[in-house]
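Shown next, in structure tokens, is the structure this report addresses.
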Amino acid sequence: MIRQLRISIRHILTTLVILFLAFPSVATQKRDSIVVSLLTAWPGPEVYQLCGHSAIRIRGAEVDSVWNYGVFNFDEPNFVYRFVKGETDYMLVGYPTMWFMPEYLSEGRKVLEQDLNLTQDEAWKLRSLLQTEALPQNRTYRYNYVKDNCATRITDRLSQATDARLIFPDTIAYGTFRREMRAFHRDYPWYQFGIDLALGSGLDRELRANEEMFVPTVMSDRYAGATLSDGRRLVSDTRQLTPDSGHATLPPTPRYLTPNFWSVICFILMAAFSVFMAWKRRILRWLYCLWFALIGLGGCVIAFLVFASDHEATSPNMLLLWLNPLQLIVAVCVWWPRAHWPVNIMAWYNIVVLGILLIIWPFQLQSANPAFFPLMGATLALSIAYAILDYKQSYNINSKIHNKTTKPKRQPAKRKR
């Protein structure tokens with residue numbers, strides 16, 4: 001969705017200087033006729049390109065520039081941490097249109113241009129808004145994947161520039177943010193698996209029709225059917241600027257490499273190990289350490305997103321009841337037989353909580369990735385096996401102690417006189 005340019009601050013400043021030298025400001029430039037259009041790039045192979053990209057093009061006798069809200073500085077300190085925490089800053093940058101096209105041509109991605117039916121006053125007002133926003137002190141904004149991105153910003157600025165109100169088709173195609181994401185991520189199941197892990201019920205609320213336009217290709221389709229309140233159609237002309245190769249994105253992931261396949265394999269293995277342990281009456285400590293370390297570390301990430309991240313969609317997250325840092329107690333304490341009681345407590349916690357969670361999940365708001373349920377089942381199977389074995393071991397120990405204390409003492413033999 002975002003054309004993520006790894007561009008340094010120095011390069012951005014150089015670009016801005018070139019723009020101001022090449023394209024005079026509104027105050028000094030003769031008000032020639034200009035045309036404003038929406039550029040929409042279709043999805044590409046990278047995960048950040050799966051929803052396409054949007055930008056504004058302004059062209060005239062002396063100007064042909066693209067205004068791009070999808071620029072960030074990858075070299076900024078702690079970029080990955082800030083991205084996870086929800087403190088990602090993006091920028092609006094304007095540059096010549098000829099710099100915009102080569103990437104999409106080389107990747108075989110379709111680029112559609114839709115001329116917007118604006119009056120000259122509206123077009124010049126929009127250009128002035130963009131020029132002001134692209135100034136160094138104004139260009140940075142706090143990026144939000146679904147509410148404030150390269151597509152939603154364009155509609156916001158267009159609404160500011162037009163005298164009439166924008167009216168978009170009242171058609172709901174997906175209904176929720178998550179369902180819309182899944183439609184565009186269907187060939188990247190591990191990427192969607194990660195999104196479903198990290199983002200909670202905020203992605204599953206019912207949407208209004210215009211909220212679905214956070215995806216650029218969806219926005220392009222809605223623009224085609226949009227009007228203004230004074231009766232004008234929003235799009236006056238449409239053309240395709242680059243050919244569609246038909247293979248810009250990766251092919252579908254084979255079934256045997258999907259999260260669904262491997263989660264079922266995990267469930268089968270853990271269920272088999274649980275039966276084996278019950279039969280042999282032996283706890284495979286390495287297995288508990290490995291499995292619960294994995295889900296405990298995953299729980300640390302989810303806990304961070306829920307309690308520390310600024311992403312509003314990360315909280316609440318029902319998965320925190322299953323994936324939480326407390327699972328690390330099992331991974332550590334399982335090695336010491338005398339510390340069996342905290343492991344037993346966590347085992348019973350998983351039995352009760354996961355049992356309830358699997359029952360009530362269809363009746364609550366948050367949608368789950370199908371791969372989650374076999375993994376929950378694997379955790380449940382190991383927890384049940386430990387609870388049974390711990391009970392049997394405790395019962396056997398208590399029985400031995402009881403037998404020692406209740407066994408009658410042998411009477412000393414009488415001596416014969």
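The values are calculated or read from the model by the stated rules, or taken from the named source; none is laboratory data. All of these numbers come straight from a predicted model, not from anything done at the bench. When we count neighbours, we look across all protein chains shown, and the Cβ atoms used for this are built from the backbone with ideal geometry, even at glycine.
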Checklist line | Flag if Trp262 is surrounded by fewer than 18 Cβ atoms within 10 Å (Cβ to Cβ), without any contact (Cβ under 8 Å) to a residue 24 or more places away in the chain and among the hydrophobic types (A, V, I, L, M, F, W, C) | finding: no
Check: Taking the condition under 21 Å from the mean Cα position of the chain (by Cα) and either surrounded by fewer than 17 Cβ atoms within 10 Å (Cβ to Cβ) or over 30 Å from Glu113 (Cα atoms) (or both), does Trp322 pass?
Finding: yes
Next item on the list: State all residues of region 226-244 that are surrounded by 13 or more Cβ atoms within 10 Å (Cβ to Cβ), touching a helix residue (DSSP H, G or I) at 6+ places or on another chain (Cβ under 9 Å) and closer than 25 Å to Pro45 by Cβ; if no residue qualifies, say none.
Entry: Leu241, Thr242
Next item on the list: Those residues that are in a loop (DSSP other than H, G, I, E, B), within 28 Å of the chain's Cα centre (by Cα) and free of Cβ contacts under 8 Å to residues at least 60 places away in the same chain, I need them from region 224-255; list them, please.
Entry: Pro254
Checklist line | Pair list, Cβ under 7 Å, 6 or more apart: region 188-208 residue assigned to a helix (DSSP H, G or I), other residue polar (S, T, N, Q) and modelled with pLDDT under 90 | finding: Ala198/Thr314
Item checked: Any pair with Cβ under 7 angstrom, 6 or more apart, that starts in region 352-377 at a residue that is closer than 19 Å to Ser263 by Cα and ends at one that is assigned to a helix (DSSP H, G or I) and among the acidic types (Asp, Glu) -> Ser367/Asp204; Ala368/Asp196; Asn369/Asp196
Next item on the list: Kindly indicate whether any position in region 212-222 is within 30 Å of Ser263 (Cα to Cα) and modelled with pLDDT of 95 or more.
Entry: yes
Margin query: If I ask for residues that are surrounded by 18 or more Cβ atoms within 10 Å (Cβ to Cβ) and not small (Gly, Ala, Ser), which ones from region 211-220 would you list?
Written below: Glu212, Met213, Phe214, Val215, Pro216, Thr217, Val218, Met219
